[in-house]
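See structure below.
Coordinate-derived values only; no laboratory data. Worth saying up front: this structure is predicted, and the values here are computed from it rather than measured. Note that each Cβ is placed from the backbone with ideal geometry, even for glycine, and that neighbours are counted across all protein chains shown.
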Amino acid sequence: MLIPLTSTLEKRVDALALEAGDLFSSPLTPATRRQAEHLAFQLQTTWELYVRNFVLISASGHGSDRSGIVASSLPFRYRSREAAGHYLISLYRRRPYEPDWYKPIDAIQAANLLRIGNFAKFASAVGSTPWLLDELRLTRNFFAHKSKRSALQLRALGWFASSDKISVETTMTPYVAGGVRRFDSWCTSIKAVANGMI
């Protein structure tokens, strides 16, 4: 199930990249700017759900990657994705909820607690640097909250001068190394990390 899961992720990311390309091919209006902001929300959510599902499927023993079946070390009664999620929560002493799947350190800790059989590959891929998905997360947070805190966190990336306005045009559409738009670089990074996991 891990290879089909990754294939589904790639298709979803490609669809978002295509939608972004269509939006960014013309000057943005207030409506299309808001639509672009929602693409950042969707891309972030797509990644988080993928990481969650990848870890829990791996833990359940119902997944296989390029090396074959990923064995489960969990007691039999936890060998479904959602049961593995409940079991994971029981392993946390101080918090009765799942980890922040978008944070590499949290995702790696969860995978380690569940003792997934493909832990080395997962940790190597998710722990890779530079972590472009932090850029996506901070951009998404600003668009969602538009608070002083989210603005300061985004400005700490050093993308723009202090007088520059934070907008879709200054965060998602600028061209970066490799001659691609920043949004496209996030999409490429997601697919590369996901493929490193399988």
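Things to note:
- Residue order, fewest to most surrounding Cβ atoms within 10 angstrom, among Thr46, Thr29: Thr29, Thr46
- Under a model in which nothing but the beta-carbon of Lys, Arg (+1) and Asp, Glu (-1) is charged, the stretch 66-194 shows a dipole of about 360 debye around its Cα centre.
- The stretch 28-59 residues near the modelled Met1 label - backbone nitrogen below 15 Å, point 7 Å along Cα→Cβ: 49-59
- Calculated on alpha-carbon atoms, Rg and Dmax of the stretch 2-197 in Å: 18.1, 58
- Phi angles of the stretch 40-54 translate, via the Karplus equation with coefficients 6.51, -1.76, 1.60 and θ = phi - 60°, into HN-Hα couplings of 5, 4, 5, 5, 4, 5, 4, 5, 4, 5, 4, 4, 4, 5, 4 Hz per residue; Gly and Pro are given as x.
- Once the Cβ-Cβ distance of Arg79 and Thr188 is raised to the sixth power relative to R0 = 30 Å, the FRET efficiency obtained is 0.30.
- Efficiency of FRET between Arg95 and Asp134 - r from beta-carbon atoms, R0 22 angstrom, step 0.05: 0.50
- Dipole-positive endmost among Thr45, Leu152, Gly85 within the chain (Cβ charges, Cα centre): Gly85
- Equivalent ellipsoid semi-axes, the stretch 1-98, via Cα gyration tensor eigenvalues times 5, rooted, Å: 35, 18, 7
- Legend: ranking of residues Ser58, Ser72 from fewest to most surrounding C-beta atoms inside 10 Å; resulting order Ser72, Ser58.
- For Lys11, the lysines whose Cα comes closer than 24 Å to its Cα, not counting residues fewer than 8 places off in the same chain, are Lys103, Lys121, Lys191.
- Distance between the modelled labels on Thr8 and Leu113, one decimal in nanometres: 2.4 nm (7 Å Cα→Cβ projection).
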